[in-house]
Amino acid sequence: MKIVLSGGGTGGHVNPALAIAGTIKAHEPDSEISYIGTPKGIENKLVPLAGYPLYHVEIQGLKRKISLSNLKTAWLTVTSVNKAKKLLLQLAPDIVVGTGGYACWPVVKAAHKLGIPTALHESNAIPGFAVKMLEKDVDLIFINFEETKKVLKYPHKAERVGNPMRGAFEIQDRDKARQELGVNADDICILSYGGSMGAEQVNNEILAVMRDYTSKEPKIRHLHATGAIEWPIASVQFKEMELDKFANLSLVEYIYNMPQEMAAADIVICRAGAMTLSELALMRKACILIPSPNVADNHQYKNAKVLADKNAALVFQESELAEGRLAEAVRSLVSDSTKRKKMADNISEFAVNDASERIYAGLSKLLKQN
């Protein structure tokens with residue numbers, strides 16, 4: 001199989017593509033896989049590390065406010081498709097797959113114009129702009145949430161496959177993880193984080209939870225990751241609040257063993273990106289979600305609401321986090337093991353542990369039909 005993958009801007013678009021690539025390679029070691037992204041996206045770090053050739057098409061997203069940048073976007077919208085055509089003629093793929101973000105729009109559009117079979121993967125509950133613009137042209141749309149079909153104009157093209165994931169989340173065992181981390185069997189583990197870069201308000205709220213609640217409960221092990229940007233400020237606050245004196249509290253910049261820590265956790269407090277929610281579902285975790293307000297179309301809140309509507313998560317927007325409200329929510333989960341189990345059972349219904357395999361099967365079937 002010769003395949004071109006495209007998607008960029010964030011790891012939430014790139015990592016699913018790389019998970020698909022890994023599965024294709026596992027089935028077909030001689031397959032030729034190329035990646036087309038933008039010159040500035042995170043794909044420039046992740047794709048070469050994964051060992052795949054990376055090509056560029058310059059494209060950028062529209063600004064919501066009136067901006068001169070939108071004039072450049074309009075120009076790139078035309079020129080990027082032509083450049084993508086030239087790249088595809090050079091690479092001659094059997095199929096092109098886009099995993100979201102504006103980076104994939106010109107590539108998938110060009111593939112359609114060239115008569116190359118195409119597919120999309122949408123991680124979020126509500127499709128992003130690129131997927132909305134491309135759904136008419138593509139052959140297949142792989143989705144993470146069943147609810148996504150309700151907002152697609154061409155739902156007959158959609159197949160729920162889950163979210164293809166990289167890493168070791170699917171092979172972690174809770175008891176083994178807790179043993180390796182030195183966690184007592186009857187301790188409650190709380191894991192919290194606001195993303196790899198960090199989120200100021202999430203850090204402030206978590207520090208308040210530590211001060212007002214978890215520091216006073218020695219049977220609770222609470223680990224929080226501040227993120228790289230917020231670490232200098234949050235680490236100083238942690239010490240000023242004298243939280244470093246409590247052995248059951250830990251503050252780190254980044255969690256390098258996330259699958260293990262999540263496996264050990266009883267409660268997870270985090271953002272609501274599609275990849276994160278897939279990990280939580282796969283590992284059956286009771287969770288409190290604080291969607292980022294700084295994302296396109298408020299898609300993290302829309303993701304989280306799907307879970308909240310099924311009693312699979314507690315959800316608070318940042319604007320709703322009045323003094324003490326998060327601590328009270330944490331306390332309610334800690335004190336009610338039945339509620340935690342019910343939430344874990346409910347979120348597990350969203351889990352798909354073979355998403356990459358399902359996508360590979362769908363792509364193989366599409367190729368046989370063409």
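The values are calculated or read from the model by the stated rules, or taken from the named source; none is laboratory data. This one's a predicted model, so the numbers in the text were calculated from it and none came from an experiment. We place every Cβ from the backbone using ideal geometry, glycine too, and count neighbours over all the protein chains shown.
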### Message
Against the condition among the small types (Gly, Ala, Ser), in contact with a Phe, Trp or Tyr (Cβ under 7 Å, 6 or more places away or on another chain), under 22 Å from residue 5 (Cβ atoms) and buried (at least 19 other Cβ atoms within 10 Å of the Cβ), how does residue 110 come out, does it pass?
### Response
no
#### Entry: Residue list for the range 38-48, filter: among the polar types (S, T, N, Q) and either surrounded by fewer than 19 Cβ atoms within 10 Å (Cβ to Cβ) or in a helix (DSSP H, G or I) (or both)
44
### Task
Would you check if there is a residue in the range 138-147 being assigned to a loop (DSSP other than H, G, I, E, B), closer than 20 Å to residue 10 by Cα and touching a residue at least 12 places away in the same chain (Cβ under 8 Å)?
yes
### Query
Going through the range 112-137 one residue at a time, which ones are in contact (Cβ under 8 Å) with a residue 40 or more places away in the chain and more than 18 Å from residue 16 (Cβ to Cβ)?
117
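Rundown of residues vs (1) closer than 20 Å to residue 122 by Cβ; (2) in the same structural domain as residue 142 (by TED's automatic domain parsing); (3) surrounded by 24 or more Cβ atoms within 10 Å (Cβ to Cβ); (4) at pLDDT below 90, yes/no style:
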{"position": "6", "(1), (2), (3), (4)": "yes, yes, yes, no"}
{"position": "19", "(1), (2), (3), (4)": "yes, yes, no, no"}
{"position": "28", "(1), (2), (3), (4)": "no, yes, no, no"}
{"position": "32", "(1), (2), (3), (4)": "no, yes, no, no"}
{"position": "36", "(1), (2), (3), (4)": "yes, yes, yes, no"}
{"position": "50", "(1), (2), (3), (4)": "no, yes, no, no"}
{"position": "68", "(1), (2), (3), (4)": "no, yes, no, yes"}
{"position": "74", "(1), (2), (3), (4)": "no, yes, no, yes"}
### Query
Just one of 190, 206 is in a strand (DSSP E or B) and β-branched (Val, Ile, Thr); which is it?
190
### Task
Return a yes/no flag: does the range 206-221 have any residue that is in contact with a Leu (Cβ under 6 Å, 6 or more places away or on another chain), surrounded by 15 or more Cβ atoms within 10 Å (Cβ to Cβ), under 26 Å from residue 291 (Cβ atoms) and not hydrophobic (A, V, I, L, M, F, W, C).
no
### Task
Residue by residue through the range 183-199, note down the ones that are over 19 Å from residue 257 (Cα atoms) and either modelled with pLDDT of 95 or more or not assigned by TED's automatic domain parsing to the domain that holds residue 262 (or both).
187
